[in-house]
Each structure stands twice: as C-alpha cells, then as structure tokens.
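Data block below; observations after.
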Amino acid sequence: MDEKKICMVCKKALATVKVTRLVKGQVRETWMCARCALKRSHYHTMTPQAIISALIKKEGQQAARLNEDDERQCPTCGLPLRSYRETLFLGCSDCYAAFEEAVVHDLRRYHGSVQHCGRTPENDAATVEPRLAIRDLQRRLEIAVRREDFELAARLRDEIKRLKAQIQETESSSAKKEQ
Amino acid sequence: MNEKVLKCDRWLERGGPAEAVVVSTRARFARNFPSLPFPRRAREKDLCAVLERVAAAIDHQPEFAGGARFYMASLSELDRQYLRELHLISPEMEKLPKHRALFLSADLRQGVMVNEEDHLRVYALEPGLRSYEALQQVIDLETSLARELPFAFSPQFGYLTSCITNTGTGLRVSALVHLPALSIMNRMRQLVEWLRSQGMTARGFYGEHTENHGGFFQISNEVTLGKNERQIIELFSRVLEEIIDREERARRELASNPQLEDRVWRAYGILTHARMISTNEAMELLALLRLGVVADFFPRLTHAEINHLAVAIQPSHIRAYLMTQHQEHEEQEFHEEERDRARAQLLREHLRKAL
C-alpha cells in the first residue's frame, strides 16, 4: 500500500481522498483529507447522506480489498455483505450480527458511537420530563418578553400553565394509587 | 378523491408556538420486527404479514378509533400525492404504494407508516414549534404499540433499522421552518455549516433530495446512536432556538430596507392580480409576503394562513380545488395552464382580504 500522504490543500490532515482531474489534456492528481475534499469537490452537490455513504464506501473499498473474497451472506435473509457495503442498507435485524465488524465500523463513523443509551423495550414507561419542557418554555417566554412579542409570550404562558396542571394531575393520581 | 384524504389538511389550520418561523414539528421512531426481512428485501407475504400485524395493534389504540386507514395501493395517485404534499407520507410511499399503509389518529396528531424504509415509522406531528409535546406523543404511541408488537432491539445497538443512519433510538426530530430572510441575505450556507457541526442537517421542503422554494427547509438531527431521546430533543430545541433567533434578527435587519419593502408590495401585487401563476413562483412570492406579515403590512393575514397556502397551491391540491370548482367527482387531469389559472384564482380569493 502507498505510504501515508498528507493533504495537499490544508497540508495538515492525513489524505484519504484522491481527486483526479483532466486539466488541459493532462491528468492531475490531488490528495486531500476528507474535510478539504468536501469543501472543494463535486461532493458539494450531494446530500449529506450521499457524501457519508460515498466516504464510507471509499474507506470500505480499502477494507474490501483486504478481504475481497468475503462472500459472506446473512443466514436469515441472504443479503450479501457486498450489497450492504454498497448501499448501507441492511436486509433484516439479524444482519447486524452477521456483518458485525462492518456495521460497527460504519456506525462509529456515522454516529461517533456504537453504544445505545436510549430507551429500551423493558423500560417502556420512559417519558419526557414535563419539568424539562417547562424549563425550556420558560426560557422561550423570557426571550419573547424581551422582544416584546406579547402574543407569543401569552401562548407560552398558557402552555406552561397546562403542563404544570398536568404534573399536578399525575402526582395526585399516583398518590391516590398509593393509598 | 377520497373524502378522508381531503380532510387531512385540517392539521395545518391549527397555529402553534413560533409559527412565524416554524411551520410544524415532527418526531418519529423507526421500528422493525425481529428476523423478518426489512421492507426493501421482504417478500410479498412478509409485507402482508407486517401490515396485518400492525393493523391489528392499531385496532387497540383508542386515539386511532375514528382515525383514517389509508392502504396506499387502494388510493389513487392523486390521493397519494395530496397526502405527500401535506407531509403525511414520504415521497417513497407515494411512488411505491404496494403493501404500504398509513394509519392516522382521529386528531391527525399521530400516525404510523407501514412498510416504508422500516416496517414501522411511528410519528407525531404538531403545528409550530412543539418538540417536547411531539416527542411525548410519539413515545406514548410507541410504548403502547410495543406492548403488542415485538420490536427488533439489541442492548448494544439499540433499535435495529434498515439503514444504519437510524440505528439506536431510531428517533428523528424534525421541524419544517421558513427562513426567507436568511435566504434573501445569503446566510443559509453559513447556517447549514453550523448545523452540520451540531450534528443536525437541513433538507428541502419535502425532505431528502427535494428542492426548496421560497426558503422552506426541514431541520433534523443526524445522530441517533450514543445519545438518548432526551439529549436528542434538547439539542434539537437549542438549535431551533438559535435558528429562530438568526431568522428574526435577519428579518429585523431587512425591515428597514426600502428595497425589500418594495419587493414585498410587488409580490402582494402579483399574488392578488395575476391570472396565471406556477407553483414555484407562488412559493417565492409567498415567502416575501411572510416578511410583510412580520413587518405588519398585512394586518389581517396570519402566519398560519401563509403556511396553509404554501400547501394549498401544490399541484395535487390545485387539482382537488379544480375538481370541486367543476363539481367533478371523477378524478381528472387538468392542463398545466388550467392549473396555473386556478392557482392564481385561489391566491386572489385568499389574499383579497389581507389589507
């Protein structure tokens, strides 16, 4: 493999993208880091998701070269690993286990994390804390008052009142249940 | 046209907080059945089975009693286009209707799309900026559905979805915002870059891969894994506040600009006198009109009315309007010229009383 190259644009980051252009009949190659490539190239006209899948594919291609003969398929739905790499679409929930390394790699790149920390099917009582919503509304109310947008302020005030009543209601009903 | 489809535009009539900038807020969860191929790869019998199971679970939801059940394949193309223009289904659902359905609660605030990219897309839709309320609504609905339906879940990856961009919480919170001032002042690119640095993204009026006209954008979170629902909604609210603030500042700067004042009145002139007008032109002019509403030029016009008009002038809405005018019950194609004429007429009818 090539030795590691430094981005020819910012001259700082590691180059991961090679842009080849035809300038006056001559092939000109520029090595860039992903950030500079994003700024300069045709990626501009693409949607964020397309950019990410193109970048992941680029890196995926390197990985694929290492195990090109990886003809793995998902045992449940028969999706080939190759097809996942091309589209980033999985075939069924079991594909996550079947292609674990590839999926972990892409999840980390896209989300910056591979550990879920949200709701689970077990704790199905999770709710938005109404107190948090009130705090948010109060902040907006302050801004509205400062801007002298009294119409909005009145609406926000009503919304806060409604949520406060809701809290009281749930508290009194849970108190009743305990009795 | 289907009567129930026609009535779905009711949700736009309610105004909401910060409606001068935010048309609507939506929160949705992507959910799937375990070990069953995702819709893209599923066989017909799998898709039918999914549809049946979800429909049975919907039967037990009190909010959905008296709501609408739209089986896409039994709706006409016009009906589907109409629902898409109302942001109730995705463009993908409109184009490929087979074995797909939309279930709506009676008050139109909650919905379930079946066999779109994922087996279920459970969502809540609120006019104006109501992110916490939308999240609460969709959590309630998902919790209640999860009591009957097993959803594919892994302790490490969270909820398993068809595309890895939704894995984890499966939660996407989005707002349809109108940013005419930032667009006119060429500050959108700057905003989009800032959004990206916050893990948020901006798309066109009708979602992914669509154009935007007149400064309408959809703002939503990108990251769904490694953050919990509360963190996602907090980030969303914070970002939306910043967007509203930037847009309002830009509007105030523009308010003192005599050239813009002239443009707003010219827009009003065209909208109230034109005999033929295209969707794109109308959208651009309505954006200017909104700036006029902010500056108090049109005391009898509200933001909610402009939001409503922005949808009412879309192609299938104009077709529906033409059909009622002609008292046609059968669906009909109309010539583009006729549609442009009808659009101009509709705008004149609604805006005559603006002053």
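With respect to chain B, whose longest principal axis is taken over its alpha-carbon atoms, helix B:229-255 is tilted by about 10°. Among B:Arg28, A:Arg155, B:Arg266, the order of accessible area from largest down is B:Arg266, A:Arg155, B:Arg28, computed with a 1.4 Å probe on protein heavy atoms. Ordered from largest to smallest accessible area (heavy atoms of protein chains, 1.4 Å probe), the residues A:Thr170, B:Thr272 come out as A:Thr170, B:Thr272. One Cα centroid belongs to segment B:95-160, the other to segment B:14-45; the line between them spans 6 Å. Each residue, A:Gln168 and A:Arg139, gets one label point 7 Å from its Cα in the Cβ direction; the gap between the two is 2.6 nm.
Kirkwood hydrodynamic radius of the protein assembly as shown, from the reciprocal of the average inverse Cα-Cα distance over all distinct pairs: 25.2 Å.
Looking only at B:Gln314, B:Gln61, B:Gln137, which one moves most when chain B is put into a Gaussian network model with springs between Cα atoms under 10 Å? Per the Cα network of chain B with a 10 Å cutoff, B:Gln61 tops the list.
Label chain B by shape, choosing from rounded, prolate and oblate, from the square roots a ≥ b ≥ c of the eigenvalues of the Cα gyration tensor; if a/c is under 1.5 it is rounded, and otherwise prolate applies when a/b is larger than b/c, oblate when it is not.
Numbers: a/c = 2.23, a/b = 1.35, b/c = 1.65.
It comes out oblate by the Cα gyration axes.
Ranking B:Trp194, B:Val22, B:Phe33 by how far each Cα lies toward the positive end of the dipole of segment B:3-252 (charges on Cβ) leaves B:Trp194 at the top. Look at the dipole of the protein assembly as shown built from charges on Cβ: of A:Trp31, B:Ile219, B:His303, the Cα furthest out on the positive end belongs to A:Trp31. Simple spin-label model, 7 Å along Cα-to-Cβ: B:Arg348 to B:Arg266 in nm? Using points 7 Å along Cα→Cβ, the separation is 2.2 nm.
Cα axis of helix B:336-351 to longest principal axis of chain B: angle in degrees, 0 to 90, nearest 10? Computed tilt is about 70 degrees. Angle of helix B:315-325 to the longest C-alpha principal axis of chain B, folded into 0 to 90 degrees and rounded to 10: 70°.
The values are calculated or read from the model by the stated rules, or taken from the named source; none is laboratory data. Here the structure is a predicted model, which is why all the values come from computation and not from measurement. Glycine also receives a Cβ, built like all others from the backbone with ideal geometry; neighbour counts cover every protein chain displayed. Calculation scope for accessible area: heavy atoms of the full protein, side chains included, ligands and nucleic acids excluded. Shrake-Rupley method; radii C 1.70, N 1.55, O 1.52, S 1.80 Å.
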